[in-house]
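Let me begin by presenting the structure, written as structure tokens, before commenting on it.
The values are calculated or read from the model by the stated rules, or taken from the named source; none is laboratory data. Just so you know, these numbers come straight off a predicted model, no measurement behind them. Glycine gets a Cβ as well: all are built from the backbone with ideal geometry, and neighbour counts include every protein chain shown.
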Amino acid sequence: MKIYTKTGDNGSTSLIGGKRVPKYHHRIEAYGTIDELMACVAVIRDQDIDPEIKDTLLKVLDRLMTCASILAADCEDCNVKIPEMKDSDIEFLETEMDHMDADLPSLQTFILPGGHKIVSFCHIARTVCRRAERLVVRVSEELYVPENVEKYINRLSDYLFVLSRKLGKDLSIKEIPWVPKL
């Protein structure tokens, strides 16, 4: 199987099921942004971090690929089996956040991104995740998107924020509070 097919040279691409759409179609924007998010999560995972967090991030990558597959499918009865997002996927992120949050100081103010490369990587992933969420919501206004896809992406942005704080704490990085200039 060759990587290049030449079928997209005219600015269109195929969804799962065969329908062709322009490469700027909102479905393509949504799952393309999830692909971008996956690359950001991979950068975090490739850092020198706790192996348990690496395992969690591998599970996140798997679930993001499932989200992208769901968004790329345009058929009710394809010959392709598409995995599903389950309540347990969302609960997994919530459990991971609760576990990390138990060891973090409570937030008294907004904090600014940065302080260490890995903290910044988490914030980049978080903001890409928020963009993906907006795009998924847009798709869901016109087409059926399983509710758990939206929920998962929403919860993942929260997870990435908590992860940034946890990794910063592990590295003894001082959080940067936002002090509004009034």
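Could you say whether any residue in the stretch 62-70 is aliphatic (A, V, I, L, M), at pLDDT 90 or above, closer than 30 Å to R165 by Cα and surrounded by fewer than 19 Cβ atoms within 10 Å (Cβ to Cβ)?
Checked against the condition, which is being aliphatic (A, V, I, L, M), at pLDDT 90 or above, closer than 30 Å to R165 by Cα and surrounded by fewer than 19 Cβ atoms within 10 Å (Cβ to Cβ), the stretch 62-70 yields at least one hit.
Can you pull out the helices (runs of 4 or more DSSP H) entirely within the stretch 51-158 that have at least 1 residues that are without any contact (Cβ under 8 Å) to a residue 24 or more places away in the chain and touching an Asp or Glu at 6+ places or on another chain (Cβ under 9 Å)?
Helices (runs of 4 or more DSSP H) meeting the threshold: 51-72, 117-142.
Just to be sure before I move on: is Y24 out of contact with any Ser or Thr (no Cβ under 6 Å at 6 or more places or on another chain), modelled with pLDDT under 85, aromatic (F, W, Y) and surrounded by 14 or more Cβ atoms within 10 Å (Cβ to Cβ) in the structure I sent?
Values: out of contact with any Ser or Thr (no Cβ under 6 Å at 6 or more places or on another chain): yes; modelled with pLDDT under 85: yes; aromatic (F, W, Y): yes; surrounded by 14 or more Cβ atoms within 10 Å (Cβ to Cβ): no.
Considered against the rule, which asks whether it is out of contact with any Ser or Thr (no Cβ under 6 Å at 6 or more places or on another chain), modelled with pLDDT under 85, aromatic (F, W, Y) and surrounded by 14 or more Cβ atoms within 10 Å (Cβ to Cβ), Y24 comes out as no.
What about T33, is it at pLDDT below 65 and of a type in the set (S, T, Y)?
no
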